[in-house]
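This report refers to the structure that appears directly beneath it.
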Amino acid sequence: MAPPVRSDEQGHATVTIVTGKAEARRRLQPGRSGTLRKIWEHRADYAYVLPAIAVMLMVIAYPIYYTIELSFFKTPPGLQLRDKTFIGFDNYTAILTSQVFWKVTWNTLIWTLGSTFISFVLGFATALALHRDFIGRGVLRAILIIPWVISAVAASYIWKWIYHSDFGIIGAVLVGLGLADRPPNFIDNVSTVLPSLIVVNIWREFPFAMIMMMAGLQTVPDQLLRAAKVDGASAWQRFWHVTFPHLRNVSVVTMLLLAVANFNSFIIPWIMTGGGPSNASHIWITHIYELAFGRQRWGVASAYSVLLFLILMTLGYFYVRALSGNERNEGSA
Amino acid sequence: MSTIAETASRGQTRRRMRVDGWRWAGRIFLVFMLLYTALPMIWMLITSIKSGFAATQFPPQWWPDEPTLASYQKLLDPQNSVGQDFLRFFWNSLFVSTVTTILSVIVAVPAAYAFSRFSFPGRNFLFFAVLLRNMFPAVIFLVPLFILMRVLGLMNTHGSLILTYLTFGLPLAIWLLKGFYDNIPVQLEQAARIDGATRFQAFIMIVMPLSTPGIIATAIYSFIGAWNEYIYAYTFLSKNDQLTLPVGIQRFFSENTTDFPGLMAASFMMSVPVVVLFLILQRYFVRALTEGAVKH
């Protein structure tokens, strides 16, 4: 997957200026291929991206390599990694045959799909409702964004207190309304814990979808909407046939970003429940963390990470495709 | 005002009813979302001004009988051990976030500019490689980085955090800024260069001032990201005097979990800097998202 390099006027200008030099160089080194020559001609351009790439390489490429290596080893606890022994794919088979793996995978699916879909729908609907100007719109928008800005740690504690089994406000309201005899225990209950955490996650995430979709809504041409109105299209028809098709790219990007963020979330389940009770709220990330830093099973945790990596690469492929869709549109516009 | 004009221009009552239906649905929905968003935060504030005893009543006191700022006083009192810890955590967070923000801008600005302007081989590949970083969870990098930081001797230092935060903030920063540079006409720079400026001078004198809103947005994003980060700080730091707020608060209250007013007050104060920053500068941020991410 090597997207063709687009050359713009800038590039051309540079090339013409240095033609003489490049010509001389080519005569000196006849074996050089076109790509290498191009890289050489643009050598100064790399200086701009070098700092970014250097930091990335050190903190990203090396860890990825190391994780893959570690996933094939049996590791002693305490990170005495000189004593590791090669065991081939044993870590992987151990994971795929364990009960917990399927439980955690199921939780992760519910968590990711539930959070992503509901956050997106709520965020989109809020963006639509906020699209028309009214008094106090700016204030309302600012208030709605706050949960996204505050720390997930703070959010977890706030909601932990709200869900508290003895003094929680939701329980008190339910009892007050006569809907329950005593305050229900939301997060110590195997069947309610995951939905309860998803509510917290959505609380924190729908503002992101809202901002993205508000930005997207501004790009919908007003003339089209007015033309549709003149032609007698109802509000719903205008939304479905004009607004929505215009927002397809933004929607895809937003949902992918949400899905990735949810798939990778850690703080809310970790602080609110630590994965319990009996793994009911463990998702992949919290499980991996516990395997690595709780039980010190570095090899197994690394194998989990590699599997996670493969899944994310697949998602990443679609992410890049959606983004290059944007780029293409820009190019043709 | 526009409503009146539109209503007047529209003759048919039936259609007005239908449009009003959607508008009312929107209003009701907004009220619902406002309650969903605001009530938890209001409850946090109300709890934070209760005494420990008042917080653990059933049924709860909807408004405290004796509101008190004791929790805040305790957290901000440098004489008190709790206050000392809290203020140190606060300072640590501020330091780490500020340094991360400055470094992110220094690294992201030239990279974004290059991705926007130059067409060197591998440009698209590198750009998407940078973006792909966003895809991967902290946990994948945690074990190797843990080892790397030990090798570099950065365990239990703020350097370890700054280095890692830099990489997780960079992709979006570069992406946002690239959108800004894409929208600045190349002709402006070309004119400057015809007038004798070098490429670097043209960049500093023409492009930088025009992209200030983008840089501000990038800085906010980096700051908020670093301020709220938890998992690396939780893993890399173990000494009490190094902790940042998100981790510190947890250590701090796991000892006496019943102090919910204190916990809520701490959560509130932890949120204040980022919320204030965001509210002041939000229009830059929203605009950056519009220009960088959406408007293509």
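The values are calculated or read from the model by the stated rules, or taken from the named source; none is laboratory data. Note that the structure is predicted; figures quoted are calculated from it, not measured. Heads up, the Cβs are rebuilt from the backbone with ideal geometry, glycines too, and the neighbour counts pull from every protein chain shown.
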Can you tell me which residue is nearest to A:GLY316 (Cα to Cα) among those in region A:255-277 that are of a type outside the set (A, V, I, L, M, F, W, C) and at the interface with chain B (Cβ under 9 Å from one of its Cβ atoms)?
A:ASN264
Output the number of the condition that B:PHE141 fails; it satisfies all remaining conditions of (1) farther than 17 Å from B:ALA233 by Cβ; (2) of a type in the set (A, V, I, L, M, F, W, C); (3) within 9 Å of another protein chain (Cβ to nearest Cβ).
(1)
Of all the residues that make up region B:84-115, how many are in contact with a helix residue (DSSP H, G or I) (Cβ under 6 Å, 6 or more places away or on another chain) and either surrounded by fewer than 16 Cβ atoms within 10 Å (Cβ to Cβ) or without any contact (Cβ under 8 Å) to a residue 24 or more places away in the chain (or both)?
2
Checking the structure you have, find out if any residue of region A:261-268 is at pLDDT below 90, of a type in the set (A, V, I, L, M) and not in a helix (DSSP H, G or I).
no
Do we find that B:TRP24 is more than 23 Å from the chain's Cα centre (by Cα) and modelled with pLDDT under 85 in this structure?
no
Yes/no for A:ALA233 being assigned to a helix (DSSP H, G or I), among the small types (Gly, Ala, Ser) and more than 27 Å from A:THR108 (Cβ to Cβ):
no
Could you pull out the residue among A:ILE118, A:ILE146 that is more than 19 Å from A:PRO195 (Cα to Cα) and among the hydrophobic types (A, V, I, L, M, F, W, C)?
A:ILE146
Quick one: which residue in A:VAL200, A:VAL193 is surrounded by 18 or more Cβ atoms within 10 Å (Cβ to Cβ) and away from every other protein chain (no Cβ under 13 Å)?
A:VAL193
Candidate set from region B:29-60 (those that are more than 10 Å from chain A (Cβ to nearest Cβ) and outside any helix (DSSP H, G or I)); member that is surrounded by the fewest Cβ atoms within 10 Å (Cβ to Cβ)
B:SER51
Of B:LEU161, B:LEU170, the only residue that is of a type in the set (A, V, I, L, M), closer than 22 Å to A:PRO51 by Cβ and touching an Asp or Glu at 6+ places or on another chain (Cβ under 9 Å) is B:LEU161
Cβ pairs under 6 Å, 6+ apart or interchain, first in region B:186-209 and exposed (fewer than 15 other Cβ atoms within 10 Å of the Cβ), second of a type in the set (Val, Ile, Thr) and in a helix (DSSP H, G or I), ordered by first then second residue, are B:LEU188/B:ILE206
Among all residue pairs at least 6 apart or on different chains, which show Cβ distances below 6 Å where the first residue, located in region A:39-55, is at the interface with chain B (Cβ under 8 Å from one of its Cβ atoms) and the second is in a helix (DSSP H, G or I) and among the polar types (S, T, N, Q)?
A:VAL55/B:THR167
Just to be sure, is B:VAL286 at pLDDT 85 or above and β-branched (Val, Ile, Thr)?
no
Answer residue from region A:56-71, given it is more than 7 Å from chain B (Cβ to nearest Cβ) and not hydrophobic (A, V, I, L, M, F, W, C) and is nearest to the chain's Cα centre (by Cα) among those:
A:TYR65
Residue check for A:GLY168: closer than 22 Å to B:GLN61 by Cβ and crowded, with 22+ Cβ neighbours inside 10 Å:
yes
Condition test on A:ARG238, is it more than 30 Å from A:THR112 (Cβ to Cβ) and surrounded by fewer than 18 Cβ atoms within 10 Å (Cβ to Cβ)?
no
Residues of region B:160-179 being modelled with pLDDT of 80 or more and over 18 Å from B:ILE224 (Cβ atoms), which ones?
B:SER160, B:LEU163, B:LYS178
Boolean, A:PRO207 is of a type outside the set (Asp, Glu) and part of a helix (DSSP H, G or I):
yes
Can you tell me which of (1) part of a helix (DSSP H, G or I); (2) within 25 Å of the chain's Cα centre (by Cα); (3) surrounded by fewer than 24 Cβ atoms within 10 Å (Cβ to Cβ) is the one B:ASN156 doesn't meet?
(1)
Qualifying residue in region A:322-332 (condition: more than 10 Å from chain B (Cβ to nearest Cβ), assigned to a helix (DSSP H, G or I), more than 21 Å from A:ALA209 (Cα to Cα) and at pLDDT below 85)
yes
Pairs under 9 Å by beta carbon, first residue within 8 Å of chain A (Cβ to nearest Cβ) in region B:261-281, partner charged (D, E, K, R), six or more apart or different chains?
B:LEU263/A:LYS160; B:MET264/B:LYS50
